[in-house]
Amino acid sequence: MREIDLDIEEGADMILMKPAMPYLDVVHAARERVDVPIGAYQVSGEYSMLHAAFQKGWLDQNRAMMESLIGIRRAGADFIVTYFAKEAAKLLGSPRMWAGLEIQLGQRSHGALPEGGRRYVQVDRRA
């Protein structure tokens, strides 16, 4: 947290934390403390670890990928840098695969939404 405070004092426009998964508690604490956009970088090791589990059949690829990204978002990250970007974008555009799932995409507003505004992707169950 000291490093984050120093970055903000030096004029940082945003914060990027890495690796994302082991620092979700720090992402959350920073979100409670600072009012700049916070990003989280899901590093190649996290990506590789999940892919190894997919290849062994231990995890469902789409669900585990989305759970990992949603967990980062729920911790307080405003944006995520991930090697899953293209795959996640395809899934988010596929209502049949995620029927009934509502993902909160934006709790924080940095000019795009009114203070306290929320942005949601809602999937119609009938789709």
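Only the coordinates and a few stated rules stand behind these numbers; no lab work does. As the structure is a prediction and not an experimental result, all values here were calculated from the model. Cβ: placed from backbone, ideal geometry, glycine included. Neighbour counts: every protein chain shown.
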Expected sort for 87, 46 with the fewest Cβ neighbours (10 Å cutoff) up front is 87, 46
Residues meeting the amide H criterion for residue 84 (H placed from the backbone, H to H distance under 5 Å, 5 or more places apart or on another chain) are none
FRET efficiency for residue 49 and residue 16 from the Cβ-Cβ distance with R0 = 22 Å, rounded to 0.05, comes out at 0.60
Taking a straight Cα-to-Cα line shorter than 19 Å from residue 86, and setting aside same-chain aspartates and glutamates fewer than 8 residues away, one finds 46, 60, 67, 78
Toy charge model, Lys and Arg Cβ at +1, Asp and Glu Cβ at -1: segment 2-97 dipole around Cα centroid in debye, rounded to 20, equals 720 debye
In nm, the gap between the two label points placed 7 Å beyond Cα toward Cβ at residue 6 and residue 90 is 4.3 nm
In segment 33-79, the trypsin sites (Lys or Arg not before Pro) that sit in a DSSP loop and have at most 16 other Cβ atoms within 10 Å of their own Cβ are 56
Under the Karplus relation with 6.51, -1.76 and 1.60 and θ = phi - 60°, whole-Hz ³J(HN,Hα) for segment 14-27, x at Gly and Pro, equal 7, 10, 10, 10, 8, x, 5, 4, x, 10, 4, 5, 6, 4
Contour minus Cα-Cα span, residue 81 to residue 67, at 0.36 nm per residue, comes to 3.5 nm
